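The values are calculated or read from the model by the stated rules, or taken from the named source; none is laboratory data. As the structure is a computational prediction, the values presented were derived from the model and not from experiment. Methodologically, a virtual Cβ is constructed for each residue, glycine included, from the backbone with ideal geometry; neighbour enumeration extends over all protein chains shown. Side chains included, ligands, DNA and RNA excluded: accessible areas come from the protein's heavy atoms. Shrake-Rupley method; radii C 1.70, N 1.55, O 1.52, S 1.80 Å.
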Amino acid sequence: DVPKVPDSDGPRRSSLCDRHCAAINNVQGDLGDLGCHLHRPRVPPATSTLSCYQQHSEEVCESCVVKTTLTAENAVEANKLSNNYKFGFKKWKSHVTARPWEDRSEIVKELYSDLNVIRGSGGSTLTCGNVLYLLLFGWWLSLFYVFVAAAMFITVIGAPYGRLCWDLAGYFLWPFGKVIQKVEVPKSHQACEAGAGESSALLGGPTPRRWRPQCWAGTGYWHRASTTVWLCLGYPVLALAHGLVCVTAWLLIVLIPVAKLSARATSRVLLLPPERVLIRRLRMTEVPLEGEVILCCYRAANPYYYKYAVDGINVFAVNLLPLVLVTLVLGYADSPNHLTGSAVKFTLALLSIMPLSYYIGMAIASISAQSNFAVGAVVNATFGSITELTFYITALIKGSREGNRCYAEVVKSALTGTLVGCVLFVPGLCMVIGGIRHQEQRFNSRSAGVSSALLFLSVGGVFAPTLFSKVYGKLVCGECHNVTQNPLGHYLCHNCHFDLMDNNGTLYYSHVQPLVYTVSILLPAAYLIGLFFTLKTHTHIYDIHISDCHMPGHHHSAVVHWSRWRALVILLLSTLCMSACADLATEHISPILTNSTISQYFIGVTVLAMVPELPEIVNGIQFALQNNLSFSPKLSFLPSIEIGNCIAVQVCMLQIPILVLFTIFYPTNFTLVFSDLHVYASMFSVVLMNYIFMDGKCDYFQGTVLVMVYFILLAVYFFAPSPSGC
């Protein structure tokens with residue numbers, strides 16, 4: 001049913017404008033994902049969007065170039081996407097609700113299917129993945145079955161299981177194109193004897209040989225004795241071997257079918273009576289129509305398993321979770337460093353931050369998607385930047401306790417590295433990778449202009465105390481040499497810096513420190529004003545539409561992966577583990593800073609700044625490949641912005657003021673006075689980013705320029721001398 005268009009000019013013009021915008025987006029390939037919008041009347045079927053565009057092409061809609069459509073499958077997903085745009089939740093790729101099975105592609109369905117489906121034509125089984133299985137697992141797993149089979153034959157009463165293990169040895173050497181079925185056997189001893197000359201009604205072939213000679217394995221006492229010997233001697237050894245195969249294959253991800261094969265063999269095949277297990281090879285055209293298929297595998301490897309998720313959690317995050325446990329146990333149980341050194345523990349602690357940041361992001365998204373506006377705002381304000389702030393605060397506390405200024409300099413380097421990396425490297429890399437598939441990519445230039453203004457404001461505010469100290473501070477040098485041997489001649493000085501503590505710190509305490517506090521108040525205020533600007537007064541700039549009816553089969557109730565209480569528990573536990581890992585990282589970074597020949601500037605700008613952002617970089621690359629640069633990992637409150645731009649805004653407007661506020665209650669060596677290198681690198685990066693993004697279009701060449709400039713800055717940091725105090 002098509003609703004009637006009102007007679008007033010306003011609504012009619014709005015409808016025509018919407019259709020005009022839709023036509024422009026269709027023609028120009030804008031990043032709006034067009035569907036039926038919930039807030040406006042639908043276009044009559046007889047009038048196509050293109051014809052509407054041709055008929056009303058004289059109407060110019062200024063909001064067309066900034067229209068962004070969010071597509072969601074249900075109300076929960078729609079609320080999640082909306083909150084991502086409002087508050088800057090980390091835009092994780094995973095859904096917070098279970099997607100309908102019928103709407104998934106055949107590739108994804110195959111990932112989640114059990115290995116019990118027989119295909120009419122499986123193709124050749126001689127593939128690289130199958131050969132890899134043979135080399136990694138098949139040969140020694142088959143030997144295990146041979147040894148267990150010999151042990152079962154030696155016990156005599158375990159002979160039926162010995163025959164089963166002998167058959168399974170051949171199966172697991174090369175299981176591809178073979179099938180294991182659960183079959184019915186005769187109920188009585190007489191039926192067993194009669195079955196010696198009969199054919200199987202199920203498969204049309206002779207009855208398996210191990211059923212016929214004696215049927216004592218299926219009768220009372222001997223059956224129990226044989227099962228007892230099997231469960232005590234044979235099954236534990238094979239279960240251990242299959243467990244090793246399962247864990248190894250699961251960690252390799254692409255070999256997850258092998259993990260499923262081993263898990264199903266341990267839980268189903270090895271627990272069945274031997275007379276009920278039938279192993280046979282399938283012909284290309286043979287499709288059994290009866291009987292329960294337990295195992296049927298054609299491929300050992302599938303490269304699409306990077307999409308696999310367990311209860312809504314990506315398989316990479318699942319595999320990295322044990323790394324967190326190893327890090328915590330090794331870090332706190334081996335404090336004297338008897339087992340491993342500080343470098344290993346620091347690396348493990350840093351890598352453990354990646355899965356924990358993933359769980360924190362998923363928990364925030366799950367809670368916000370199931371809550372109202374106020375709860376979402378509180379959760380985001382509390383936990384939005386918890387990953388970075390936890391590390392920075394623990395480093396400042398350790399530096400304050402040890403009286404080491406190097407920790408404060410490392411934190412400043414990490415802040416600058418995050419800003420520079422997210423302004424240059426993250427969008428540049430996404431442009432390069434996205435440009436491989438798309439010749440030109442577009443994003444919302446109007447919102448990019450708003451974010452650019454905020455970025456200029458935030459960077460100027462952060463570095464204002466630094467510029468103030470250079471204008472009014474006293475230049476102090478460590479050593480100076482007279483080059484001309486003339487007292488009035490030229491001097492060559494080293495280790496020069498501006499001293500703010502001259503005259504008992506009058507300049508710092510009376511002028512610089514009040515300026516720092518003023519900036520720390522104004523920057524969050526500017527953030528709130530921008531939030532009010534985008535959510536209240538100028539929402540038409542972004543014109544976000546949430547659609548849930550553009551795809552068939554989505555008329556279902558949302559089933560969330562994590563309830564609010566479960567997400568809250570995971571959020572608190574992940575935050576606690578994050579604090580512990582950050583404490584271990586700062587505990588073991590000191591030997592690296594003192595013994596390393598690499599500049600501490602470089603360590604802070606690269607390792608400490610970019611490793612916590614790796615999950616967001618990966619998600620940003622995935623969205624760039626989908627030609628959707630508006631869905632950046634951290635969107636702040638700007639709904640359609642280039643990848644990584646608003647991470648820099650959050651660093652300047654939220655994280656740095658919070659660190660300044662922390663130093664008020666817990667005095668540390670952290671001051672908002674940066675080195676010249678940090679100031680010049682940040683300013684140049686922001687100017688270059690705004691120059692490239694001013695037209696709302698990007699390609700791989702512009703991305704290459706950003707990446708190259710980032711690597712040039714890294715080279716500068718690499719060859720720069722260590723900061724004073726380190």
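Quick notes
- Inter-residue pairs, beta-carbon under 9 Å, first farther than 20 Å from LEU132 by Cβ and hydrophobic (A, V, I, L, M, F, W, C) and in segment 281-301, second surrounded by 12 or more Cβ atoms within 10 Å (Cβ to Cβ) and modelled with pLDDT under 70, 6+ apart: LEU282/GLY122; LEU282/PRO288; MET284/GLY122
- Any hit, segment 360-372, residues being part of a helix (DSSP H, G or I) and either open to solvent by 20 Å² or more (accessible area, probe 1.4 Å) or without any contact (Cβ under 8 Å) to a residue 12 or more places away in the chain (or both): no
- Pick from segment 411-442, criterion assigned to a loop (DSSP other than H, G, I, E, B) and of a type outside the set (Asp, Glu), ranking: modelled with the lowest pLDDT: HIS438
- Taken together, the criteria exclude GLY312 from residues that are buried (at least 16 other Cβ atoms within 10 Å of the Cβ) and touching a strand residue (DSSP E or B) at 6+ places or on another chain (Cβ under 7 Å).
- Of all residues in segment 688-718, those that are surrounded by fewer than 13 Cβ atoms within 10 Å (Cβ to Cβ), closer than 20 Å to GLY449 by Cβ and either aliphatic (A, V, I, L, M) or not assigned by the TED database to the domain that holds THR418 (or both) total 1.
- Comparison of SER400, SER385, SER445 shows that the only residue that is at pLDDT 75 or above, open to solvent by 20 Å² or more (accessible area, probe 1.4 Å) and either within 16 Å of PHE693 (Cα to Cα) or among the small types (Gly, Ala, Ser) (or both) is SER400.
- Summed over segment 585-602, residues that are assigned to a helix (DSSP H, G or I), of a type in the set (A, V, I, L, M) and crowded, with 23+ Cβ neighbours inside 10 Å total 1.
- Selected residue (criterion: nearest to the chain's Cα centre (by Cα)) from residues of segment 237-257 that are over 16 Å from ASN319 (Cα atoms) and in contact (Cβ under 8 Å) with a residue 12 or more places away in the chain: HIS242
- Positions within segment 675-726 being under 28 Å from the mean Cα position of the chain (by Cα) and of a type in the set (Asp, Glu), in sequence order: ASP699
- ALA259 vs. criteria open to solvent by 20 Å² or more (accessible area, probe 1.4 Å) and assigned by the TED database to the domain that holds ARG119: no
- Single residue of segment 110-163 satisfying the filter (in a loop (DSSP other than H, G, I, E, B) and modelled with pLDDT of 85 or more) that is surrounded by the most Cβ atoms within 10 Å (Cβ to Cβ): GLY158
- Whether a residue is in a helix (DSSP H, G or I) and in contact with a His (Cβ under 7 Å, 6 or more places away or on another chain) was assessed, and PHE316 does not pass this test.
- Among the criteria (1) at pLDDT 70 or above; (2) outside any strand (DSSP E or B), the one GLY553 does not fulfil is (1).
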